[in-house]
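Below is one structure, written out as structure tokens; the observations come after it.
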Amino acid sequence: MNDAALTAEPDALIQLAGITKTYGHGQAAFQALRGVDLSIRQGEFVAIMGPSGSGKSTAMNILGCLDTPTSGAYLFNGVHVESMSRDQRALLRRNHLGFVFQGFNLLARTSAQENVELPLLYRGESAAARHEMGMAALRSVGLEAWAHHTSSELSGGQQQRVAIARAIVTNPKVLLADEPTGNLDSKRGHEIMELLVSMNRDHGITILMVTHEPDIAAYAKRVVHFVDGQIAHDRQNGEAA
Amino acid sequence: MGWTILLLALREIRRNLMRSFLTVLGIVIGVAAVVTMVTLGNGATQSVSDQISSLGSNLLMLRPGQRMGPGSGSLGAPSFKAEDAEAIRVQVSSLKAVAPTVNRTTVVVVGTKNWATSITGSNSDYFTAGNWTLEDGRLFNATEERAGKAVCIIGATVRKELFEAHSPVGDTMRIKQFSCEVIGVLAAKGQSAMGRDQDDTVVMPLRTVQRRLTGKQDVNTILISMQDGASSEQVINQISLLMRERRKLSDNEDDNFSVQDTKEIAKTLSGAIGTMTALLGAVAAVSLLVGGIGIMNIMLVSVTERTREIGIRLAIGALEKEVLMQFLTEAVVLSAFGGLVGLLLAAIACYGLSIVLSLPFLFSPSINLLAFGFSAAIGVIFGYVPARRAAQLDPIEALRHE
Ligand SMILES: Nc1ncnc2c1ncn2[C@@H]1O[C@H](COP(=O)(O)OP(=O)(O)O)[C@@H](O)[C@H]1O
Ligand SMILES: [Mg+2]
């Protein structure tokens, strides 16, 4: 659509131009995104805020290559994603993206260690490499001692930390988190945020996070506000509102 | 990728042992049923042909009356006499032995023990025709046959029931009013095709039984053993012509006797058992198919149950074909494992039943291989639909699934 916007910015990791998303057809059609332009550089920590139904999750799914836009262009690391096949997007997720969900989404009856090693299995890493990288990731979220516990034996905060370990175990470029603290009390929520901040600071992982809580968004360096499927404002934290 | 997928599949199976067990139950039962049916059927066929051949090779049985179907017994048809047997011996060619027989069930007493057994009157040809071998003592001589002496040859069961470990030859048994000297003991033959104990028998000269037990000159069955290589068709023809002549049947009258060829009986019996086996095998094969549908059903349920898990795998970057292969591998591993357990069960069942039914245990590699291959194939066929459904799930929808 808006090809002019795609004169790639050299230091942008992610570039959205004129992204729209329509659910359903004909009478029932609903436009969840109505032309979103967004550019994110390597190493940023971006919070996406906005009222319920404003299209935050829809945008995250497209950013996470789980879904494709109805129109518009999406460049990831300079490569067009919107025209990729299902398998190409799966490989892109496997190699460059990590996901953290509101509901943790760990495999049931599976140890923390096996959960964390799962993405490495799909990448075809050897058992030894899986073990080493998995334990390193668990160590970085402070759960080395819980490696053999299954998710039902872990608290919510611990489960979310295992999920973060699983998301970063492959050293992804981008970590996408849709309301990662939504199911946690505020103390655990802040612990998770400290963890994300350190991931961003120490490992240089780009983080995109959806939240509707201002004190959670405050951990990010940049806040993007969605209203009615469009970006209402986009500012660095610390700038005047 | 292959090992990874196998690892993933095995983990899933281990994680849900109960579900996995229920999934394969149908296959286990199906395979066990098919293999047991076919193995026992083969054993039964083998056993029948063994027993028929133990009856005597090239054996014909001449009986009064027509044996066409139920109700058409020997009623009304005149019995044979010893002279009929003699006529056959003299006039029909290519024969080895002709034994007129008469039977009576009577209690036999030795000392304080008594035993009800089947007494057969015949001549020494009887042992040739019936493939009997003598274990101890001797057969009748011509004088004893002619004079109707009270001498008898006993089967292994009678010996076991009435005599101690020492040789019974020379001892006497009481049969009704007379006593009878044991002159020989027969080697054991085991059960007949109909399940009768062939060794539960006492054989005496024909004339002795006719005079002292039946009181009639009648003969029940004439056993005729042909020489090797003789055409049973020709021999039967000769016997039939001779009997029609001796019984004065006119051209428009039917035979009032029948000649049966044990080979034909064996063929008919084995054929019937073969048909039974095929039928039972087919029923069992249907149960195997039902087992396959069971696998599909439970795998489909499991795809729904595991939708969120599939969503996680897809989000993490699993390819469609990896998810497909994982589910397919789960189905195949399960059904192949079920097949193996089924084979094991069948082996145990066949072993036990072959003892209970006293059939030979004929292990057939081909039916075992076939059943195993079939169960694995069922995994592929019935695992495919659920696997494809899992692989084609939309990751976002799947993750949202409760
Ligand atoms: N799969 C879908 N089908 C139809 N409508 C959808 C679907 N997903 C989201 N929507 C609609 O799109 C709008 C934006 O949804 P979403 O992106 O989930 O909002 P947010 O995450 O900001 O609350 C909502 O009105 C929602 O009802
Ligand atoms: Mg949302």
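The values are calculated or read from the model by the stated rules, or taken from the named source; none is laboratory data. Fair warning: this is a prediction, and the values are worked out from it, not measured in the lab. Please note: Cβ atoms are built from the backbone with ideal geometry, for glycine as well, and neighbour counts cover all protein chains shown. Accessible surface is based on the protein model in full, side chains and every heavy atom, while ligands, DNA and RNA are left aside. Shrake-Rupley method; radii C 1.70, N 1.55, O 1.52, S 1.80 Å.
Restricting to the range A:33-45, name every residue that is within 12 Å of ligand 1 (Cβ to nearest atom) and open to solvent by 10 Å² or more (accessible area, probe 1.4 Å). Correct list: A:ARG34 only. Within the set B:ARG14, B:ARG19, the sole residue that is without any contact (Cβ under 8 Å) to a residue 24 or more places away in the chain and in a helix (DSSP H, G or I) turns out to be B:ARG14. In the range A:73-88, the qualifying residues are those that are open to solvent by 20 Å² or more (accessible area, probe 1.4 Å) and assigned to a loop (DSSP other than H, G, I, E, B), and the one that is farthest from the other protein chains (Cβ to nearest Cβ) is A:GLY78.
What residue, among those in the range A:185-241 that are of a type in the set (Asp, Glu) and assigned to a loop (DSSP other than H, G, I, E, B), is farthest from ligand 2 (Cβ to nearest atom)?
A:GLU239
Residues that are more than 9 Å from chain B (Cβ to nearest Cβ) and under 17 Å from A:GLN159 (Cα atoms) were ranked within the range A:116-128; the one that is least open to solvent (accessible area, probe 1.4 Å) is A:VAL116. Tallying residues that are more than 10 Å from chain B (Cβ to nearest Cβ) and either in a helix (DSSP H, G or I) or surrounded by fewer than 18 Cβ atoms within 10 Å (Cβ to Cβ) (or both) within the range A:89-101 yields 0.
Taking the stated definitions as given, is A:PRO180 more than 16 Å from A:LEU106 (Cβ to Cβ) and touching a residue at least 40 places away in the same chain (Cβ under 8 Å)? It is false that A:PRO180 is more than 16 Å from A:LEU106 (Cβ to Cβ) and touching a residue at least 40 places away in the same chain (Cβ under 8 Å). Only one of the numbered conditions (1) in contact with a strand residue (DSSP E or B) (Cβ under 9 Å, 6 or more places away or on another chain); (2) modelled with pLDDT of 90 or more; (3) in the same structural domain as B:SER335 (by TED's automatic domain parsing) is violated by B:ARG89, and that is (3). Considering the range A:46-69, the residues that are of a type in the set (Val, Ile, Thr) and away from ligand 1 (no atom under 12 Å from the Cβ) include one that is surrounded by the fewest Cβ atoms within 10 Å (Cβ to Cβ), namely A:THR68. Candidates are the residues of the range A:222-238 that are under 30 Å from A:GLN31 (Cβ atoms) and more than 15 Å from ligand 1 (Cβ to nearest atom); the one that is surrounded by the most Cβ atoms within 10 Å (Cβ to Cβ) is A:ARG222. Right, B:VAL158: among the hydrophobic types (A, V, I, L, M, F, W, C), buried (at least 20 other Cβ atoms within 10 Å of the Cβ) and within 34 Å of the chain's Cα centre (by Cα) or not? Yes; evaluated as a whole, the condition is true for this residue. If only residues of the range B:239-293 that are among the hydrophobic types (A, V, I, L, M, F, W, C) and touching a Leu at 6+ places or on another chain (Cβ under 8 Å) are counted, the one that is farthest from B:ASP50 (Cα to Cα) is B:MET243.
Checking each residue in the range B:136-155 for being among the hydrophobic types (A, V, I, L, M, F, W, C) and surrounded by fewer than 15 Cβ atoms within 10 Å (Cβ to Cβ) picks out B:ALA142, B:ALA147. Residues in the range A:49-72: is at least one within 16 Å of ligand 2 (Cβ to nearest atom) and assigned to a strand (DSSP E or B)? Yes, because at least one residue in the range A:49-72 is within 16 Å of ligand 2 (Cβ to nearest atom) and assigned to a strand (DSSP E or B). Can you say whether A:ASN105 is over 14 Å from A:VAL174 (Cβ atoms) and within 10 Å of chain B (Cβ to nearest Cβ), as far as the supplied structure shows? Here the answer is yes, as A:ASN105 does meet what is asked.
Kindly indicate the residue of the range B:273-312 that is within 14 Å of chain A (Cβ to nearest Cβ) and free of Cβ contacts under 8 Å to residues at least 12 places away in the same chain and also surrounded by the most Cβ atoms within 10 Å (Cβ to Cβ) among those meeting that condition. Ranking the candidates gives B:GLU309 first. Looking at this structure, is A:ALA177 within 14 Å of chain B (Cβ to nearest Cβ), crowded, with 22+ Cβ neighbours inside 10 Å and within 16 Å of ligand 1 (Cβ to nearest atom)? Answer is yes for this residue. Of the residues in the range A:144-155, not one is closer than 26 Å to B:LEU6 by Cβ, under 19 Å from the mean Cα position of the chain (by Cα), crowded, with 19+ Cβ neighbours inside 10 Å and touching a residue at least 12 places away in the same chain (Cβ under 8 Å). For the range B:161-179, which residues satisfy the criterion of being of a type in the set (Phe, Trp, Tyr) and surrounded by 14 or more Cβ atoms within 10 Å (Cβ to Cβ)? The answer is B:PHE163, and nothing else.
Let's see how each residue does on (1) away from chain A (no Cβ under 14 Å); (2) small (Gly, Ala, Ser):
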residue: B:LEU8; (1), (2): no, no
residue: B:ILE13; (1), (2): no, no
residue: B:ARG19; (1), (2): no, no
residue: B:VAL28; (1), (2): yes, no
residue: B:VAL34; (1), (2): yes, no
residue: B:GLY43; (1), (2): yes, yes
residue: B:SER47; (1), (2): yes, yes
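Taking the criterion of being surrounded by fewer than 19 Cβ atoms within 10 Å (Cβ to Cβ) and part of a helix (DSSP H, G or I), the only residue of the range B:97-135 that qualifies is B:THR128. Do we find a residue being assigned to a helix (DSSP H, G or I), within 14 Å of chain A (Cβ to nearest Cβ) and among the charged types (D, E, K, R) anywhere in the range B:330-348? No: the range B:330-348 contains no residue that is assigned to a helix (DSSP H, G or I), within 14 Å of chain A (Cβ to nearest Cβ) and among the charged types (D, E, K, R).
If I ask for residues that are part of a helix (DSSP H, G or I) and charged (D, E, K, R), which ones from the range A:122-178 would you list? Within the range A:122-178, A:ARG130, A:GLU132, A:ARG139, A:GLU144, A:GLU153, A:ARG161, A:ARG166 qualify. Kindly indicate the residue of the range B:347-402 that is of a type in the set (D, E, K, R) and either modelled with pLDDT of 90 or more or buried (at least 21 other Cβ atoms within 10 Å of the Cβ) (or both) and also farthest from ligand 1 (Cβ to nearest atom) among those meeting that condition. The qualifying residue farthest from ligand 1 (Cβ to nearest atom) is B:ARG388.
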